[in-house]
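Participant: Mind looking over this structure? Questions follow.
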Amino acid sequence: MKTGEKDTIAAHLQKCGVSRRSFLQLCSTLIVAAPVGLSLTSKATAAQVAKIVGKARRPSVIWLHFQDCTGCTETLLRTSAPDVGHLILDVISLDYHETLMAASGAQAEAALRSAIEENAGKYVLVVEGSIPARDDGVYMQLGGKPAIEVVKDVSAQAAAVIAIGSCASWGGVPSADPNPTGAVGVDSVISGKPIVNLPGCPPNPYNLLAVVLEYVTMGRLPEMDAFNRPKFAYDRVIHESCPRRAHFDAGRFAAAFGDEGHRKGYCLYKLGCKGPVTHAACATRHFNEIPGVWPIGIGAPCVGCTEKGVVWKMGTFETVPIHLATPPETYPPIFSSAGELKVGAAALVGAIAGAVGGAAWVASQRFESSMEAGVSRIAADRAHAEKLKVTSEKPVVRKED
Ligand code: SF4
């Protein structure tokens, strides 16, 4: 662990023997992880991003664990290519991290104090795990102090706080009913500091790196939504980019795990997929650097882990309401010539398809090229649309923007 004045990122990588090719690959991945919404990655090429990042001083990061499973740390380290984890740790200066450091007991306490003093006002505090707030925080003690006091103490001299994972963002697993410890997210116990929530169980580690590097290179945090989640990673629901979406639109669903539909890769909605109400980038930014490695990609329905009102609040197989059955009015009509939006054509198609079922059909048919094939499916798709009028007994708290 290194503390005090930091090298520039470029100088440190050179000292560690990291090749320019590896650094450029990391910058390319950052551009993919945050294609819009960050000043840093809005640059045209990985080389331009690398030039900016290379000049920045390595950001000091203090990482605290509270009520967690360490899964967020694991997702950072267990990349399919071990070099990636090391590279991330070379770019940032991880000055205190209980899982990765050798010290324990009094030595660990001294290391924490030293990291705070040497980087006061400059470090980014990353919090993993929820904070037990019930009964004055008696349910978790660190070095003889309640966890709630530790997080307040360490955040007091931080430049910014990042809550990584669902537990640190809003309580996560420990906050599930009956929540015996009164588990809450970081933003429930500290104030007066910029806080970024990166929910996910686990979150994508590139989102963390993108937020930290945006902060140290541009001097500001990314634009955030009402739940303090950076918009570059949480502005869309999974359903919008899901590779199984075509099956949803066409009414092809897996009805049971292992059935023919499941084996064919059909939509998992009827198995309780929460993708239609879950804001996250999992559908486009997969895990472990392996394409297709994410829950829906391997046949498991999304559980909605980035949404406080969904995961562990709804039943696993309970279906969520569909807010996006109707395509936005701004969609171009299907049968107009390219690049034109003809109101008359849209009205004609709408009249054919009819009401709600027809609108769902319109959405599903955006990719069809044959009028003949489309017309022959109206009746069948109306039947499917009727089946899609599924409403949950428990309303979901969020509505689409
Ligand atoms: S319901 Fe789930 S599996 Fe189906 S398209 Fe939407 S996100 Fe994908």
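The values are calculated or read from the model by the stated rules, or taken from the named source; none is laboratory data. What you are looking at is a predicted structure, and each value in this text was computed from that prediction instead of being measured. The protein model used for the area step is the full one, side chains on, heavy atoms only, and it has no ligands, DNA or RNA in it. Shrake-Rupley method; radii C 1.70, N 1.55, O 1.52, S 1.80 Å.
Participant: Give me the distance between the Cα centres of region 179-195 and region 204-229, rounded to whole Å.
Facilitator: Between the Cα centres of region 179-195 and region 204-229 lies a distance of 19 Å.
Participant: Once the whole set of protein chains is in place, how much accessible area is left on Cys69, using a 1.4 Å probe, in Å² to the nearest 10?
Facilitator: Counting only protein heavy atoms, the figure is 110 Å².
Participant: By how many nm would the segment from Arg263 to Leu24 grow when fully extended, if each residue of separation counts as 0.36 nm and the alpha-carbon distance is taken off?
Facilitator: 82.2 nm
Participant: Just from the alpha-carbon atoms, what are the Rg and Dmax of region 125-176 in angstroms?
Facilitator: So, for region 125-176, Rg and Dmax equal 11.0, 31 Å respectively.
Participant: Keeping every protein chain in place, order Trp170, Trp312 by accessible area at 1.4 Å, biggest value first, i.e. largest first.
Facilitator: My answer, sorted largest first, is Trp312, Trp170.
Participant: If you count only protein heavy atoms and use a 1.4 Å probe, how large is the accessible surface of Glu117, to the nearest 10 Å²?
Facilitator: 130
Participant: What's the extension gain from Asp153 to Leu100 if we count 0.36 nm per residue and subtract their Cα-Cα distance?
Facilitator: Between Asp153 and Leu100, full extension yields 16.9 nm more.
Participant: Here is a follow-up. With every protein chain in place, what's the accessible area of His239 (1.4 Å probe, Å², nearest 10)?
Facilitator: 20
Participant: Accessible area, 1.4 Å probe, largest first: how do Thr29, Thr73 sort?
Facilitator: Largest accessible area first, the residues go Thr29, Thr73.
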